[in-house]
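Readers should treat all values here as calculations from the given coordinates under stated rules, not as data from a laboratory. Since this is a predicted model, take the numbers as computed values, not measurements. Heads up, the Cβs are rebuilt from the backbone with ideal geometry, glycines too, and the neighbour counts pull from every protein chain shown.
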Amino acid sequence: MIDQTAAWRALAAHAATMRETHLRELFVGETNRQARFTRRAAGLTLDLSKQRWSTETQRLLLDLAREADLPGAIRRLLDGERVNVSEDRPALHTALRLPADAALEIDGEDLVPGVHATLDHMATMVERFHAGQWRGATGKAIRHVVNLGVGGSDLGPLMVTHALADFRPSGVHRIEVHFASTMDGSQLADYLGRLNPETTLFVLSSKSFTTIDTLSNARTARDWLMTRLGVEEGVDDALVMRQHFIGVSASPEKMGEWGIAPANQLEFWEWVGGRYSLWGAIGLPIALVVGMDGFRELLAGAHAMDRHFREAELADNLPVQLALAGIWNVNFLDIRAHSILPYDGRLEYFAAYLEQLEMESNGKSVTHDGHEVGYSTCPVLWGQLGPNAQHAFYQLLHQGTQAVECDFIAPLRRYDDVAEEATRAHLKSQHRLALANCFAQSRVLMLGDDAIEDDGPRPGHKRYRGNQPSSTLLLDRLTPATLGALIALYEHKVFVQATIWAINPFDQWGVELGKKIAGETQRILERREGIEAMDASTRALIEAAWAAEE
Ligand code: F6P
């Protein structure tokens, strides 16, 4: 176990002194601290100087990383070895962003041509939509695409389409993209109430094509179309299926059984994890918004980060450094809450995306060889747009009793291409306002009361302790390429932490039991039999649901 190594023990001993040291003292002690703890790659600048660590801490953390054979693990991941041990397969999301002239042989087969064949298939579809030539069953051009998916088949495309909405290509037929994920049908019901079935197409996104959340939404959508176009307009069912449904899955058989026309099936592979899948066919909604060129830029940005991850020294490697800061906080400073705070409204869904990426990947307590870990793994991670969170939960960050690590994220430049001069000036000033708040908050979290001129004694409720660690991530601009690099940075950060904790970040067995029990509970609810096997609380809840139906 990693916590039995000399490297871990050295860190634990070192932590005893560092816990007593306030962040403000670290800054006083080192004049070039900012430069020493700041690194750049792929259009991103990562400032880790507001972490509660020193050069000595970093040196010891690098020893720990080498002890866990991090360099070997990075190579094994990127070379396609079977790093997903419990499912005995590689985790090759990085292969989805390899350029066409690259090669990656796995079991004697080069994966790159297949990856680019899928991208070409997507490109053909996107071109048809953007030319106004993908027509519904009554002959009208499709205008609305509703993505039906959940988890990785929802959050990645949702987050990226929102972040890159400014990058729509001009002069193409505009497609509005919508997302419905919840099994209760509330999002879908809203769309069905206001969209025209003649111009609406559904993308069924599901790696397994067995997820009940997605399939229940899909059934409702199919019935809506069949009623509105089949029964009311007299359109043939097969035509409705062909013109109004696309499937994206690793199971062509299941897509076929469900009725997705073969030409409308976009395939991906078992070796792409759901929460790592936005880079391929699951990214179709992204390509519908930014166009295929924009989508390829997103891939290129992620690939630039992959290359940095493979090539940069551990000490200069952004994902490694970000991960080590997290390990230091969780395992040595006992800081087990982590907040993601973007200062750019376009990144509204970034925290939700990372919640799945980090907690579904590293929310584990058993090592690769089946032993219970004796140390903490993934912290509780949550977040929201920073400016809004300032008026919501920052109170806890500043004066609560929990230590929290924060990631502040912002683009340096924005609004350069707003045509109208006065509006551009206003928006640029709003951008500066957001940056000022971003920088001010991390400073106050670090320094506490010392951020202000001494104005005499204050009562306790007006005092700030400071000493909350944070990282600041600056994007030169928010573009498809820098967003790709940002996402890949976090994917690799997750992998580095998993490597040190000796857990598998690519499976999610923890969610299976809940699905099974939900199936059983649904049968009891529907058939009204079998309730005796339930505990008293669950029995009462089921009975309340039955009573409400009477
Ligand atoms: O239940 C968890 C999960 O398997 C996620 O890992 C996945 O992203 C999501 O469900 C959706 O799965 P699918 O794409 O197979 O529908």
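What FRET efficiency do you get for Ala436 and Asn196 if R0 is 45 Å and r is their Cβ-Cβ distance, rounded to the nearest 0.05? Intermediate results must be reported in sequence, preceding the final value.
Details: r = 45 Å, r/R0 = 0.99.
Here the calculated transfer efficiency is 0.50.
Report, by chain and number, residues whose modeled amide H sits under 5 Å from the one on His178, excluding near sequence neighbours (fewer than 5 apart, same chain).
Close amide H contacts, sequence-distant or interchain: Val145, Val146, Asn147.
How large is the dipole of the chain about the Cα centre if only Lys and Arg carry +1 and Asp and Glu carry -1, each at its Cβ, rounded to the nearest 20 debye? Intermediate results must be reported in sequence, preceding the final value.
Numbers: 54 positive and 73 negative charges, 276 e Å.
Computed charge dipole of the chain: roughly 1320 debye.
Roughly how far apart, in whole Å, are the Cα centres of the stretch 474-519 and the stretch 292-351?
For the stretch 474-519 versus the stretch 292-351, the Cα centre distance is 10 Å.
Among Leu192, Ser206, Gly370, whose Cα projects farthest towards the positive end of the dipole of the chain, with charges put on the beta-carbon of Lys, Arg (+1) and Asp, Glu (-1)?
Of the candidates, Leu192 comes out farthest on the positive side.
Would you work out if the chain is rounded, prolate or oblate? Take a ≥ b ≥ c from the square roots of the eigenvalues of the alpha-carbon gyration tensor; rounded if a/c is under 1.5, else prolate when a/b is larger than b/c, oblate otherwise. Spell out each step's value before the answer.
Details: a/c = 1.58, a/b = 1.48, b/c = 1.07.
Cα axes put the chain in the prolate bin.
Among 365-373, 130-138, how do they line up from the highest to the lowest mean number of other beta-carbon atoms within 10 Å?
Going by the mean number of other Cβ atoms within 10 Å, highest first, we get 130-138, 365-373.
How much length, in nm to one decimal, is gained on full extension between Glu109 and Arg128, taken as 0.36 nm per residue of separation minus their Cα-Cα distance?
Details: separation 19, 0.36 × 19 = 6.84 nm, distance 3.13 nm.
Extending this stretch completely gives an extra 3.7 nm.
At a Förster distance of 22 Å, what's the computed FRET efficiency of Ser186 paired with Thr538, Cβ-Cβ distance as r, to 0.05? Walk me through the numbers on the way to the answer.
On the way: r = 24 Å, r/R0 = 1.08.
The calculated FRET efficiency here is 0.40.
Between Arg174 and Asp120, what's the calculated FRET efficiency when r is the beta-carbon distance and R0 is 25 Å? Round to 0.05. Please list the in-between numbers first.
Details: r = 23 Å, r/R0 = 0.93.
Using R0 = 25 Å, I get an efficiency of 0.60.
Express as a percent, rounded to the nearest 5, the fraction of DSSP beta bridges in the chain (both residues included) that run antiparallel. Don't jump to the answer; show the numbers that get you there.
Values: 13 of 45 bridges.
Of all bridge pairs located within the chain, approximately 30 percent are antiparallel.
For Arg24 and Val418, calculate 0.36 nm times their separation in residues minus their Cα-Cα distance, and state this gained length in nm to one decimal. Each step should come with its number before you reach the end.
Values: separation 394, 0.36 × 394 = 141.84 nm, distance 4.01 nm.
Contour length minus the Cα-Cα distance gives 137.8 nm.
Placing +1 at every Lys and Arg Cβ and -1 at every Asp and Glu Cβ, with all other atoms neutral, what dipole size does the stretch 509-549 have around its Cα centre, in debye to the nearest 20?
Values: 6 positive and 8 negative charges, 24 e Å.
About 120 debye.
Treating the angle as unsigned and between 0 and 90°, give the value, to the nearest 10°, between the Cα long axis of helix 512-527 and the longest Cα principal axis of the chain.
40
Measuring from a point 7 Å past the Cα of Asp316 along Cα-to-C-beta, which residues in the stretch 52-75 have an amide N at less than 20 Å?
55-56, 58-63, 65-66, 70-72, 74-75
Would you work out if the stretch 483-525 is rounded, prolate or oblate? Take a ≥ b ≥ c from the square roots of the eigenvalues of the alpha-carbon gyration tensor; rounded if a/c is under 1.5, else prolate when a/b is larger than b/c, oblate otherwise. Mind showing how you got there, number by number?
Numbers: a/c = 7.16, a/b = 2.31, b/c = 3.10.
The shape class here is oblate.
Among Trp279, Ala95, Gln441, whose Cα projects farthest towards the positive end of the dipole of the chain, with charges put on the beta-carbon of Lys, Arg (+1) and Asp, Glu (-1)?
Gln441
If you fit an axis through the alpha-carbon atoms of helix 421-447 and take the longest principal axis of the Cα set of the chain, what angle between them do you get, 0 to 90°, nearest 10?
50
Quick one: how many lysine pairs does the chain have with C-alpha atoms less than 29 Å apart and a gap of 8 or more or different chains? Give me the count, please.
16
May I ask for the angle, rounded to the nearest 10°, between helix 55-67 and the longest principal axis of the chain, with both axes built from Cα atoms and the value confined to 0 to 90°?
The answer is roughly 50 degrees.
Ranking request for peptides 209-216, 515-522: highest mean number of other beta-carbon atoms within 10 Å first, then the rest in descending order. Let's see the in-between values first.
On the way: 209-216: 18.9, 515-522: 11.6.
Most protected by this proxy first, the peptides run 209-216, 515-522.
Net charge near Phe209: determine it from the other residues with C-beta under 15 Å of the C-beta of Phe209, scoring Lys and Arg +1 and Asp and Glu -1. Please report the intermediate quantities before stating the final value.
Values: positive: Lys207, Arg219, Arg222, Lys254, Lys515; negative: Asp154, Asp213, Glu253, Glu257, Glu267, Glu270.
Net local charge, Phe209 excluded: -1.
Quote the relative contact order of the chain in percent (integer), defining contacts as alpha-carbon pairs under 8 Å separated by 6+ residues. Write down the numbers at each step before the final one.
Numbers: 877 pairs, mean separation 107.2, N = 550.
Once normalised by length, the contact order is 19 percent.
Using +1 at the Cβ of each Lys and Arg and -1 at the Cβ of each Asp and Glu in the stretch 456-509, identify which of Gly484, Tyr464, Thr499 lies farthest towards the dipole's positive end.
Towards the positive end, the residue furthest out is Tyr464.
Of the listed peptides 78-91, 264-277, 148-161, what is their order by residue-averaged count of other C-beta atoms within 10 Å, with the highest listed first?
For the peptides 78-91, 264-277, 148-161, the packing ranking is 148-161, 264-277, 78-91.
How far, in nm, would the chain grow between Ile452 and Met1 when pulled straight, counting 0.36 nm per residue and subtracting the alpha carbon separation?
Details: separation 451, 0.36 × 451 = 162.36 nm, distance 4.53 nm.
Result for the pair: 157.8 nm of gain on full extension.
Find out how many positive minus negative residues lie around Thr538, taking Lys and Arg as positive, Asp and Glu as negative, among other residues whose Cβ is under 13 Å from that of Thr538.
On the way: positive: Arg539; negative: Glu520, Glu532, Asp535, Glu543.
Surrounding charge for Thr538 is -3.
Okay, helix-only estimate at 222 nm for the chain: each DSSP H run of n ≥ 4 adds -39500 (n - 2.57), divide by all residues, round to 500 deg cm²/dmol; what do you get?
On the way: 20 runs with 245 residues, N = 550.
Calculated from helices alone, the mean residue ellipticity at 222 nm is -14000 deg cm²/dmol.
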